[in-house]
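The values are calculated or read from the model by the stated rules, or taken from the named source; none is laboratory data. If you're wondering where the values come from, they're calculated on a predicted model, not measured in any experiment. Glycine gets a Cβ as well: all are built from the backbone with ideal geometry, and neighbour counts include every protein chain shown.
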Ligand SMILES: Cc1ncc(C[n+]2csc(CCO)c2C)c(N)n1
């Protein structure tokens, strides 16, 4: 049998009846999904061993990413098929542009990153590829495509956040709060809601469209991993290191 038929959702749900569509896309995204959710960067947030230099580098990139994520949510609010979905997505957008923004500003201040730096920072190549994929999928793709990208970004953070929240918090507030932000029940409910939405839409799609969603989730997982890697090492992962740009 051809590998792509073997790894179809149909085959996955035949071997595990009642299996969730979103479990299938995460399984398809291996080894990147595990690599992203277990990245050394995420463990260093939890055990307090994070160097300030790496965390500042990460927050500066993430701040540019969050801006594009807010635009992505705007597209998804527009594409959501009913008021309940619009309400969920717009509540998340409100959180992103208020409390979360405040977290970034307080952390930049504590880390000594001047406003001029984080307000004018150019996106690095990993973040650019990442933001492009989110914006294109949600702006030009279907609701399901945009939601799949959003799910990867949020579920990844819920996964490592829940794991790190099981131990005492590190001393530095910007590390402790970054864990709390991703381990609270409201955030878990939101990720559960995205999963439920896709678990309903996904199984009814054609195998070709299901495949598109699995590929999108895989590419997103790769980029989440590369994003942590770039912040952690201060160097671009090989796939992004274009010698012509040096
Ligand atoms: C590269 C990158 N990927 C995903 C997230 C996750 N995320 C983005 S906004 C938000 C809402 C509440 O914090 C969460 C969890 C991130 N920050 N950076």
- Hey, residue 122 hits all of (1) at pLDDT 95 or above; (2) more than 15 Å from the ligand (Cβ to nearest atom); (3) surrounded by fewer than 19 Cβ atoms within 10 Å (Cβ to Cβ) but one; which does it fall short on? (1)
- Tell me which of these residue 197 doesn't satisfy, since it passes every other one: (1) within 11 Å of the ligand (Cβ to nearest atom); (2) over 15 Å from the mean Cα position of the chain (by Cα). (1)
- Message: Given the criterion surrounded by 13 or more Cβ atoms within 10 Å (Cβ to Cβ) and under 30 Å from residue 114 (Cβ atoms), identify the matching residue among 20, 43.
- Response: 43
- Item | Tally, over the range 187-229, of residues that are outside any helix (DSSP H, G or I) and either touching a residue at least 12 places away in the same chain (Cβ under 8 Å) or in contact with a strand residue (DSSP E or B) (Cβ under 7 Å, 6 or more places away or on another chain) (or both) | 1
- Output yes when any residue across the range 33-41 is more than 12 Å from the ligand (Cβ to nearest atom) and free of Cβ contacts under 8 Å to residues at least 60 places away in the same chain, and no when none is. yes
- Item | Test: residue 172 is touching a helix residue (DSSP H, G or I) at 6+ places or on another chain (Cβ under 9 Å) and closer than 25 Å to residue 59 by Cα | yes
- Note on the structure: Those residues of the range 64-110 that are away from the ligand (no atom under 16 Å from the Cβ) and in contact (Cβ under 8 Å) with a residue 12 or more places away in the chain come to a total of 5
- Message: Being within 16 Å of the chain's Cα centre (by Cα) and in contact (Cβ under 8 Å) with a residue 60 or more places away in the chain is the requirement here; does residue 24 meet it?
- Response: no
- Query: What number goes with the only condition from (1) within 13 Å of the ligand (Cβ to nearest atom); (2) crowded, with 20+ Cβ neighbours inside 10 Å; (3) more than 30 Å from residue 206 (Cβ to Cβ); (4) at pLDDT 95 or above that residue 175 does not pass?
  - Reply: (1)
